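Let me begin by presenting the structure, written as structure tokens, before commenting on it.
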Amino acid sequence: MTRVNENVVAALKAAATDAGQPKEVAQRLVSWLDALATGNADLADVSEAANRIGDLLDQVKLPVTDLDLEALLGDEA
């Protein structure tokens, strides 16, 4: 069970989905926020933060083509 507010969790999941990201992206973010909230992680621990960011970036799906980027950005492109 997470200690992160359920609205924040829902927003992260929706944002990941809307951005075409795998569900693991939101799960990793929620896990990190939960660890911070429970004292099991420390933002001042640069090594831990680097590991978590690396793990998160491993899950991020980058646009492969300009068409992918346009689809992601919509009218902003």
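Here, each number is a calculation from the coordinates, and none is a lab measurement. The structure displayed is predicted, hence computed values, not measured ones. Here Cβ is always computed from backbone atoms with ideal geometry, including for glycine, and neighbour counts include all displayed protein chains.
Looking at ALA14, ALA19, just one residue is of a type in the set (A, V, I, L, M), surrounded by fewer than 17 Cβ atoms within 10 Å (Cβ to Cβ), closer than 20 Å to ALA71 by Cα and touching a residue at least 40 places away in the same chain (Cβ under 8 Å), and that residue is ALA19. For region 5-62, the set of residues classified as among the hydroxyl-bearing types (Ser, Thr, Tyr) and in a helix (DSSP H, G or I) consists of THR17, SER31, SER47, listed by residue number.
Tallying residues that are acidic (Asp, Glu) and under 10 Å from the mean Cα position of the chain (by Cα) within region 1-25 yields 1. Taking ARG28, is it under 11 Å from the mean Cα position of the chain (by Cα) and not hydrophobic (A, V, I, L, M, F, W, C)? In short, yes.
The residue pairs whose first member lies in region 45-56 and is under 12 Å from ALA35 (Cβ atoms), whose second member is surrounded by fewer than 12 Cβ atoms within 10 Å (Cβ to Cβ) and not hydroxyl-bearing (Ser, Thr, Tyr), and whose beta carbons are closer than 8 Å, counting only pairs six or more residues apart or on different chains, are GLU48/ASP42; ALA49/LEU43.
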